[in-house]
Amino acid sequence: MLLTILGGRGAWPDAGQACSGYLVEHDGFRLLVDPGYATVPRLLERVTPDQVDAVFITHGHPDHCADLNPLLRARTFCDDPSSPLPVHSLPGALDAVLALDRPGMLASAYVAHEFTAGSRLDIGPFHVQTRLLPHSVPNAGVRLTAGERVLVYTGDTGPSPDVVDLARDADLFLAEATYADQVPEDSRRYLTSARQAGRQAREADARHLLLTHLQPGTDMTAAQAAARTEYGGELGIAVSGLVVDLS
């Protein structure tokens, strides 16, 4: 299993960066997870639009799904349109982004597969376990298993025992860490700090922790140091262009 970070910023993409976006590959199958703002240009540096085999989206905030629109446009307007792209999401999560164009314009470019958080499904070679995690809108954390390797991604979430359960013994834990140490009081139910992510990784016995969704302006060194106070395993920051080979 191979993970390529397309972007790792939260809320909006600051200069030269992109929001949440992850390309996960196994046995030639390419799964795009959370195509947030500014991720498609980075995706297209690596693959053509028709080489994406499926999309999985954790929740409907635009920093996690806005670039689904240009991806579908690219597949619609190319000279040789490819088969409809399977797009997996929670019910209603993509209503806003799919409404950006006139009705029906992109209909041939995708086929929607809605799932309920907590369900299990298969996407290509990936066995997918989902879990409803606390956020300001419904958010599905995801555990991807393929080739005896496990990647867990939180989407956006407040601290919860369910995060630890989902990430148990993961080879790679890709964890939202919007703030380095202190989450503002009005967001503490919905977002996580790097320190909390480190604690969750330790409690889950995850082998590798990657912090993602850092708010623009967050000091990466401070975020990593905060996580390190709780977690002693392999630790890094999800930055555009980073490639992690789980094998």
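Assorted remarks:
- Matching residues in the stretch 139-164 - criterion: being more than 23 Å from residue 92 (Cα to Cα) and hydroxyl-bearing (Ser, Thr, Tyr): 145, 160
- Scanning the stretch 52-63 for residues that are closer than 18 Å to residue 212 by Cα and either touching a strand residue (DSSP E or B) at 6+ places or on another chain (Cβ under 6 Å) or touching a residue at least 60 places away in the same chain (Cβ under 8 Å) (or both) yields a total of 7.
- Residue match in the stretch 172-183 (condition: farther than 25 Å from residue 30 by Cα and of a type in the set (D, E, K, R)): yes
- Which listed residue, of 131, 188, 143, is among the basic types (Lys, Arg) and either at pLDDT below 95 or out of contact with any strand residue (DSSP E or B) (no Cβ under 6 Å at 6 or more places or on another chain) (or both): 188
- Within the stretch 52-101, tally of residues that are among the hydroxyl-bearing types (Ser, Thr, Tyr) and more than 21 Å from residue 155 (Cβ to Cβ): 3
- Pairing each residue of the stretch 155-179 that is free of Cβ contacts under 8 Å to residues at least 12 places away in the same chain with any residue that is of a type outside the set (Val, Ile, Thr) and not in a loop (DSSP other than H, G, I, E, B), provided the two are 6+ apart or on different chains, yields no C-beta distance under 8 Å.
- Condition met for residue 110 (surrounded by 14 or more Cβ atoms within 10 Å (Cβ to Cβ), within 17 Å of the chain's Cα centre (by Cα) and not charged (D, E, K, R)): no
- Looking across the stretch 86-97, the residues that are among the aliphatic types (A, V, I, L, M) and crowded, with 20+ Cβ neighbours inside 10 Å come down to 87, 90, 93, 94, 97.
- The condition of being touching a Lys or Arg at 6+ places or on another chain (Cβ under 8 Å), modelled with pLDDT of 95 or more and among the acidic types (Asp, Glu) holds for only one of 95, 67, 122, 50, that being 50.
- Long-range neighbours under 6 Å by Cβ, at least six apart or interchain, first residue assigned to a loop (DSSP other than H, G, I, E, B) within the stretch 82-107, second of a type in the set (Phe, Trp, Tyr): 84/110
- Condition broken by residue 79, with the remaining ones in (1) under 23 Å from residue 220 (Cβ atoms); (2) free of Cβ contacts under 8 Å to residues at least 12 places away in the same chain satisfied: (1)
- The one condition from (1) at pLDDT 95 or above; (2) more than 22 Å from residue 237 (Cβ to Cβ); (3) not β-branched (Val, Ile, Thr) that residue 80 does not meet is (1).
- Residues of the stretch 2-36 that turn out to be under 15 Å from residue 237 (Cβ atoms), in contact with a Ser or Thr (Cβ under 8 Å, 6 or more places away or on another chain) and not small (Gly, Ala, Ser), as a count: 6
- Enumeration of residues in the stretch 228-247 that are part of a loop (DSSP other than H, G, I, E, B) and of a type in the set (Val, Ile, Thr): 229, 239
- Exactly one residue among 44, 23, 90 is closer than 20 Å to residue 141 by Cβ, out of contact with any Pro (no Cβ under 7 Å at 6 or more places or on another chain) and aliphatic (A, V, I, L, M), and that residue is 23.
- Hey, residue 70 surrounded by fewer than 20 Cβ atoms within 10 Å (Cβ to Cβ), under 13 Å from the mean Cα position of the chain (by Cα) and in contact (Cβ under 8 Å) with a residue 24 or more places away in the chain or not: no
The values are calculated or read from the model by the stated rules, or taken from the named source; none is laboratory data. Not measured: the values here are computed from a predicted model. Here the Cβ is made from the backbone with ideal geometry for all residues, glycine too, and neighbour counts use every protein chain on show.
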